[in-house]
Amino acid sequence: MNTPLDAQSIRNKIISLLARREYSRAELYQRLQSQAESLEILNEVLDRMSQDGYQSDRRFTESFIRQRISQYWGPKRIVFELSQKGIPKTMIDQVFDEMEPDWSELAVALAKKRFDTSKKLAPKEQAKQVRYLLNHGFSYDDVKNALRTEM
């Protein structure tokens, strides 16, 4: 059986994790809660790591959004994933406002990458394309614009 981690061991583990990629506080908490001596110690270490600038939910959110945009994910999907990682909606909205991504343009780029949008399709095939883009987190208006159809 593993011995519970003390404050220094938790700190070292967090630094090791953050060296690979950004994590939200909630992700780190969830990942380490079963290994820590106590939840108070874990919370204290996480607070200290945030104060010292090692861990930042803001930085995690910015990095996550940039990554998902580069993978052609829409705003609804990104918001859902970030909320699952413990990021508050207000922070997500602030980062979106600062980044000002053009979701319509991103939907068009994904549609061009994934589909041949130049030819007229059967309704069944058109519905597949609509579902694909909607599942990627784009709004219906962005999907409609991306596929250039009269729906």
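The values are calculated or read from the model by the stated rules, or taken from the named source; none is laboratory data. Computed from a prediction, not measured in an experiment: that's the story for all the values here. Note: ideal-geometry Cβ built from the backbone for every residue, glycine included; neighbour counts use all protein chains shown.
Quick look at the values:
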{"item": "Residue within the range 77-93 that is of a type in the set (Phe, Trp, Tyr), more than 11 Å from the chain's Cα centre (by Cα) and at negative phi present", "result": "no"}
{"item": "Test set (1) within 30 Å of Ile10 (Cα to Cα); (2) loosely packed, with under 13 Cβ neighbours inside 10 Å; (3) modelled with pLDDT under 95 - Met151 fails condition number", "result": "(1)"}
{"item": "Some residue of the range 114-134 being in contact (Cβ under 8 Å) with a residue 12 or more places away in the chain, exposed (fewer than 13 other Cβ atoms within 10 Å of the Cβ) and within 23 Å of the chain's Cα centre (by Cα)", "result": "no"}
